[in-house]
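Values quoted throughout were computed directly from the atomic coordinates according to the rules given, and no laboratory measurement underlies them. Remember, predicted model here, so these are calculated numbers, not experimental data. Glycine gets a Cβ as well: all are built from the backbone with ideal geometry, and neighbour counts include every protein chain shown.
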Amino acid sequence: MTNPLLQDWNTPFELAPFDKIKDDDFAPALEEALRAHNAEIEAIASRKDAPDFANTVEALEGAGGALDKVLGAFFTVAGADSNPAREDLQRAFSPKLAAHFSEISSNKALFARIAAVWAQRETLDLSDEQARVLMLTHRSFVRAGAALEGAQEARMKEIKGRLAVLGTSFTQNLLADERSWFMPLSEEDLEGLPEFVIDAARAAGQEKEAEGPVVTLSRSLIVPFLQFSPRRDLREKAFRAWEARGANGGATDNREIAAETLALREERAQLLGYKNFASFKLETEMAKTPGAVRDLLMDVWAPAKARAEADAKVLTGLMQGDGINGDLAPWDWRYYAEKRRAVEHDLDEAALKPYFQLDRMIDAAFGCATRLFGLTFAPLDVPLYHEDCRAWEVTRDGEHVAVFIGDYFARGSKRSGAWCSAMRAQAKHPKVQTPVVINVCNFAKSDPALLSYDDARTLFHEFGHALHQMLSDVTYESVSGTSVARDFVELPSQLYEHWLEVPEVLAEFAVHAKTGEAMPKEMLDKVLGAATFDMGFQTVEYVASALVDLAFHDGPAVADPMAKQAEVLAALGMPAAIRMRHATPQFAHVFAGDGYSSGYYSYMWSEVMDADAFEAFEEAGGAFDAERARALEEHILSSGGSQDAADLYIAFRGRLPGVEALLKGRGLAAA
C-alpha cells in the first residue's frame, strides 16, 4: 500500500507526512478509510452477544481511526492552504461524508444495541466519564434521527447531504470573493498611512502578483487601512467590497444558499419533533432555550447601544471638523475612532504596533502557559503543509504532552478568520494518543511581522483553545479537549486573552522591533487604560450578529434572509454607522456548517464566565496564582466534555456567574 495516508506514520510523534502526501492521494484514501470504518461499524452492529458498554459504546469510540487520519490531514489543508484540486475534493467529500455518518446514525441494529445499553445504565458499573459518554452517544443518535422510520428517515438523509453541500459552497464562495478582489494603491494613495500598513500592502501586492501595493479583503489589512487612510473615497470603496462578500451576484452569491439552509434546518428540527431549529440546537447547550439567549443579549445590547450612540456623536464632530458634512458612515467609524483614541488616550497605533511583534507575542503566550501550567515549548523541524507553518513539541517535567503547530500569515489560499483544530485529539482508548493541535490566523505578513493589539488578542484567544486541547486528560476521544457545549467552548480561549492584559506580561514581551527596548510604562498604562475604548462599537456589531442568527432559527424559516436581517436590525435601532460583524452572506460561523448556527451568542455566554473566572485569579494571588491555575486545569482544561459544563464551572468557581463582571470588563457597567 503506497498511499502515505493509509500507511503507519513513522514520523516524529506520528505527524502526517505532508512532504509525501499529494492531492491525488486523498480520494482513494478516503474510500479505503470509509470502507474500513463501515466494516468496523458492521462488526459492532452484528455482534450476537448481549450489548454492553465495552462491546458497543466503547467499541464505537475505537472505530474510525483510519478515517480520522485522512480527514485530519485533508481538512487542515482544505481550510488553510486550498487550491482548485482541494476545493473540488471538498465539494465531492462533503455529501459523501454526510451520507456515511447518516448511514451510521440510521443503522437500526447498531442503535438497538446502544438503546439496550442505555436502558440498563442504572445497573452498569460505569465510571462518571463512561456514564457521560453513554449518555452523549445515545443522545447524538436520537438527535441524528436514529429513531426515524421510512419516509422520514430517508428525508433526514437527504437533508443532511444537502446541508453538507451547501455549507461547503458557502465557504468556497466566500473564499473566492475574498481572493479575487483587491484594490491597487498608487504612491499617492499611500500618503498618511503608517509604515506597517504600507509594508503589509506591499507584501499583499507581491502575493497577488500586482505591480505595486494593494488592499485586500483580509481583515488584518483592510481594518488598519480603514483606520488610517485619510482618503474617504478609498475607504468607502474598500469597505463596500468587504461588505459585499458573498452578495455580488453570480456564481459566488451566498444569499440563496442561506435561505435554503434555513429551510432545511427547520425541516430537520421538525422531523425530530422540535418546533424550530433554535429549540433543537440549544437543548444541549448551557443556555438550553432561545429565551435565555435573548435575555443575555438584550441585557448587553441596551448599554452597548447607548455607548455607541454617544460615541457616534463625538466621531461625527471630529468628521465635521475635517470639513465633511453629513452623517458618519460605516467607512468613517474606524478612521475617526483612531483619531479620537490618539487624542483621548494619547495612543498612536503606528507607534504602538512595533511593540507587538508576532514572535514575541508567541513567546508571551508560551510564557504564560509555562508559568500557569508548567508547559515548555521546543521548536520542531518537521515537514508541514506550508512553508509559513511552525511546530513545537510541548512537554511538562520532561514528558511529551502535545505537538503545537502555528500557521499565522494571511494568504489567498486560506479562508478568512482564525481557528484552532486538533489534527489528532487526546485519548487513552483504544490506545494512548497525544494531541496534535494547530492554530491558524490571518495576520498581515511583513518583516518583522507586527500585530495590532486586536491581533495579539486573537493569538492569545486561539492559543487558549489550543491549551484546552493539549491539556485534555480523558479516556475517550468523543469528550476530549474542545468537545464540549458550544457556549462553553469559548471559555478557555476568551479567558486566556486576559493574560495579554497583565502588566508584567506586556512589560516582558512587548519590546520594540527595532530598538529591543521594553514598552515604556507610560505607553503600557495607556494601552491598559484604553482596553475598553470603542467597546460600544465592538459590542453592538457582535450582539447584532448574534441576535440576527437567533432570529433566523427561532421561528419559521424565512424565505428572504436579507429582509429578515434588515427587520431585526431595524427593530433593534441599529446605529446607522455600524454594521453587523458578520452580515448574512459572509456569516460563515452560521452557514458554513452547523457549528455556530443558532449559537453565535456563545462567545458572549462564555464571556460571562471568562470575566468571572479571571476575577477568581485576581481575588486570589493574582494572574499567576498557582492554586487557581491548578483548579482551572483540573476542572476545565483537562476535563473536556467528560462532565456537564455547568458542573465543571461550579467545581472551579463554586457558583455560576452573573452578567455583572462582563459589563464591568467591557466598560459598560453603570457608573
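Computed quantities for the displayed model
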{"item": "Cβ-based charge dipole, region 222-325, positive-most Cα from Ala310, Leu296, Leu271", "result": "Ala310"}
{"item": "Ellipsoid semi-axes in whole angstrom, largest first, where each is sqrt(5λ) of the Cα gyration tensor of region 154-218", "result": "40, 10, 8"}
{"item": "Per-pair calculated FRET efficiency, R0 = 45 Å: Glu283 and Glu508 via Cβ, rounded to 0.05", "result": "0.50"}
{"item": "Ordering of 641-652, 391-402, 470-481 by packing [mean C-beta count within 10 Å, highest first]", "result": "470-481, 641-652, 391-402"}
{"item": "Distant-in-sequence amide H partners of Ala427 (H built 1.01 Å from N, under 5 Å)", "result": "Gln433"}
{"item": "Region 182-245 - charge dipole about Cα centre, Lys and Arg +1 at Cβ, Asp and Glu -1, debye rounded to 20", "result": "400"}
{"item": "Region 136-176-region 252-311 distance, computed between alpha-carbon centres (Å)", "result": "19"}
{"item": "Normalised alpha carbon radius of gyration of region 266-407 [divisor 2.2 N^0.38 Å]", "result": "1.68"}
{"item": "Cut-off 9 Å between beta-carbons: net charge of the residues surrounding Arg334, Lys and Arg +1, Asp and Glu -1", "result": "-2"}
{"item": "Unit Cα scatterers, Debye sum, region 481-600: log10 I(q)/I(0) for q = 0.12, 0.13, 0.19, 0.20 Å⁻¹", "result": "-0.65, -0.72, -1.04, -1.09"}
{"item": "For region 318-367 versus region 202-245, the gap between their alpha-carbon centres in whole angstrom", "result": "16"}
{"item": "Pairwise FRET efficiency - Asp253 versus His400, Cβ, R0 = 41 Å, nearest 0.05", "result": "0.30"}
{"item": "Value at 222 nm in deg cm²/dmol, rounded to 500, when DSSP H runs of n ≥ 4 in the chain each add -39,500 (n - 2.57)", "result": "-18000 deg cm²/dmol"}
{"item": "Rounded to whole Hz, the Karplus (6.51, -1.76, 1.60) HN-Hα couplings of region 570-580, x for glycine and proline", "result": "5, 5, 6, x, 4, x, 4, 8, 10, 10, 3"}
{"item": "Net charge of neighbours whose Cβ lies under 12 Å from the Cβ of Ser105, counting Lys and Arg as +1 and Asp and Glu as -1", "result": "+3"}
{"item": "Per-residue ³J(HN,Hα) for region 174-190, Karplus 6.51 cos²θ - 1.76 cosθ + 1.60, θ = phi - 60°, Hz, x for Gly and Pro", "result": "5, 4, 5, 5, 5, 6, 7, 9, 7, 10, x, 10, 7, 4, 5, 5, 7"}
{"item": "Ordering of 577-584, 315-322 by burial proxy (mean other Cβ atoms within 10 Å per residue, highest first)", "result": "577-584, 315-322"}
{"item": "Loop-located trypsin sites (Lys or Arg not before Pro) in region 286-367 whose Cβ has at most 15 other Cβ within 10 Å (DSSP)", "result": "Lys288"}
{"item": "Protection-proxy order for peptides 613-619, 177-183, each taking the mean of Cβ atoms within 10 Å per residue, highest first", "result": "177-183, 613-619"}
{"item": "Neighbour-limited loop hits for GluC sites (Glu not before Pro), region 111-156 (at most 14 other Cβ within 10 Å; DSSP other than H, G, I, E, B)", "result": "Glu149"}
{"item": "For Gly150, net neighbour charge (Lys/Arg +1, Asp/Glu -1) across residues whose Cβ lies under 15 Å away", "result": "0"}
{"item": "Alpha-carbon centroid distance for the pair region 486-563 / region 568-634, whole angstrom", "result": "9"}
{"item": "Pairs from Lys69/Lys157; Lys96/Lys237; Lys275/Lys564; Lys237/Lys305; Lys288/Lys526; Lys160/Lys288 whose Cα-Cα separation, in the structure shown, is over 31 Å", "result": "Lys96/Lys237; Lys288/Lys526"}
{"item": "Stokes-Einstein diffusion coefficient of region 557-671, Kirkwood radius over Cα pairs, 37 °C, 0.692 mPa s, in µm²/s", "result": "192"}
{"item": "Two-site FRET efficiency, Glu618 against Asp49, from Cβ-Cβ distance with R₀ of 51 Å, rounded to 0.05", "result": "0.35"}
{"item": "For the chain, the Rg and Dmax computed from alpha carbons only, in angstrom", "result": "24.9, 83"}
{"item": "Mean separation of Cα contacts under 8 Å (6+ apart) over length of the chain, as relative contact order %", "result": "16"}
{"item": "Full-extension gain in nm, Arg155 to Ala531, via 0.36 nm per residue minus C-alpha separation", "result": "130.3 nm"}
{"item": "Rg over Rh, two decimals, region 4-147 (C-alpha only, Kirkwood Rh)", "result": "1.04"}
{"item": "Mean separation of Cα contacts under 8 Å (6+ apart) over length of region 4-147, as relative contact order %", "result": "26"}
